[in-house]
Amino acid sequence: MAQKKIKVSIVTPEQKVFEGEADYIGIPSIGGGLGILPDHLPIICFLDVGVIKIVNENKISQIAVCRGYLQFVRNNANIITESAIITDEEKKKEAIDELRRKHNISQEITEETKKIAQATAALKTLGQS
């Protein structure tokens with residue numbers, strides 16, 4: 001009897017980054033690391049910035065991801081992420097740092113907060129005229 005496999009698909013808004021089979025996947029969820037083997041219970045979780053580890057017949061693939069979602073049901077792992085970089089053990093720290101720089105949500109919030117404050121000040125000025 002053939003060993004059960006997980007079908008893995010990783011996509012970003014721009015492209016399909018990975019599609020293949022796995023004996024095991026390690027997921028960087030916001031609640032902590034999550035390991036998934038075939039026949040795992042169905043799960044949906046949020047991804048954190050980190051590395052997805054895909055093991056298939058002793059071959060390891062690593063893909064750095066920046067936030068997103070995992071849906072796992074009936075041995076299908078569907079991963080949707082903002083950005084992904086195929087990496088390896090030696091370069092994974094650099095890949096994670098690059099994703100954090102590119103998708104720094106605190107910087108995005110700061111810029112949006114500035115715009116809102118400027119618009120609010122302009123409205124107050126108009127209301128006082």
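The values are calculated or read from the model by the stated rules, or taken from the named source; none is laboratory data. Being a predicted model, the structure only gives us computed values, none of them experimental. In this analysis, Cβ positions are derived from the backbone assuming ideal geometry, glycine residues included, and neighbour counts consider all displayed protein chains.
Values for this structure:
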| item | result |
| --- | --- |
| Qualifying strands (runs of 3 or more DSSP E) (wholly inside the stretch 16-110; at least 1 residues being of a type in the set (S, T, N, Q) and either within 25 Å of K5 (Cα to Cα) or touching a helix residue (DSSP H, G or I) at 6+ places or on another chain (Cβ under 9 Å) (or both)) | 24-29, 50-56, 59-73, 76-87 |
| Candidate set from the stretch 3-33 (those that are in contact with a Pro (Cβ under 8 Å, 6 or more places away or on another chain) and surrounded by 14 or more Cβ atoms within 10 Å (Cβ to Cβ)); member that is farthest from R67 (Cα to Cα) | K5 |
| In the stretch 53-85, the residues that are more than 12 Å from V11 (Cα to Cα) and among the β-branched types (V, I, T) | I54, V55, I60, V73 |
| Test: residue in the stretch 83-102 that is of a type in the set (K, R), modelled with pLDDT of 90 or more and over 11 Å from the mean Cα position of the chain (by Cα) | no |
